[in-house]
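Chemist: Provided herewith is a single structure, encoded as structure tokens, for subsequent inquiry.
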Amino acid sequence: MTQNAILRKSYQDARVLITGGMGFIGSNLAIALARAGPRVSVVDSQVPGCGANPANLEPVRDQVQVFTHDIGDAAAMRSVVPGQEVSSTWPERSATSTA
């Protein structure tokens, strides 16, 4: 089974959300997944100087839904993922955390 066939089988009828989807890595992931069949949504804050380039998604422009939001903005993210829990706070790290 080819890699494209595996992707198609794995992601058939799936919904995928890619954060940072207008940058180099995110856009290439979005293109590969959009071609494999899932519904792809991209969120990117488009901070100047951080690599976001809408032209990166040109090959799949009609297959990808794009949102310009900061993922730290819980209210904005709720509109992107309706019906899912969205929190604007990060879990606190314990004093013994190594991360």
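Rundown of residues vs (1) modelled with pLDDT under 90; (2) part of a helix (DSSP H, G or I); (3) surrounded by fewer than 19 Cβ atoms within 10 Å (Cβ to Cβ); (4) on the phi < 0 side of the Ramachandran plot, yes/no style:
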| residue | (1), (2), (3), (4) |
| --- | --- |
| I6 | yes, yes, yes, yes |
| S10 | yes, yes, yes, yes |
| D13 | yes, no, yes, no |
| V16 | yes, no, yes, yes |
| M22 | no, no, no, yes |
| S27 | no, yes, no, yes |
| I31 | no, yes, no, yes |
| A34 | no, yes, no, yes |
| S41 | no, no, yes, yes |
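Chemist: With respect to the numbered conditions (1) of a type outside the set (D, E); (2) modelled with pLDDT of 90 or more; (3) in a helix (DSSP H, G or I), which one is the sole condition not fulfilled by S79?
Modeler: Here S79 meets the rest and fails (2).
Chemist: If a residue has to be without any contact (Cβ under 8 Å) to a residue 40 or more places away in the chain, of a type outside the set (S, T, N, Q) and touching a helix residue (DSSP H, G or I) at 6+ places or on another chain (Cβ under 9 Å) to count, how many in the range 10-25 make the cut?
Modeler: So in the range 10-25, the residues without any contact (Cβ under 8 Å) to a residue 40 or more places away in the chain come out as 10-16, 18, 20, 23-25.
Remaining after also requiring of a type outside the set (S, T, N, Q): 11, 13-16, 18, 20, 23-25.
Pick out the ones that are also touching a helix residue (DSSP H, G or I) at 6+ places or on another chain (Cβ under 9 Å) and you get 11, 14, 16, 18, 20, 23-24.
Residues that pass the stated criteria total 7.
Chemist: Also: Are any of the residues in the range 46-53 farther than 18 Å from A76 by Cα and in contact with a strand residue (DSSP E or B) (Cβ under 8 Å, 6 or more places away or on another chain)? It would help to see each step written out before you state the result.
Modeler: Here is the first cut: in the range 46-53, the ones farther than 18 Å from A76 by Cα are 48-53.
With the extra rule that they be in contact with a strand residue (DSSP E or B) (Cβ under 8 Å, 6 or more places away or on another chain), the set shrinks to none.
For the range 46-53, residues farther than 18 Å from A76 by Cα and in contact with a strand residue (DSSP E or B) (Cβ under 8 Å, 6 or more places away or on another chain): absent.
The values are calculated or read from the model by the stated rules, or taken from the named source; none is laboratory data. For clarity, every value in this text was computed on a predicted model and none was experimentally measured. Neighbour counts are summed over all protein chains in view; Cβ atoms, including those assigned to glycine, are modelled from backbone coordinates with ideal geometry.
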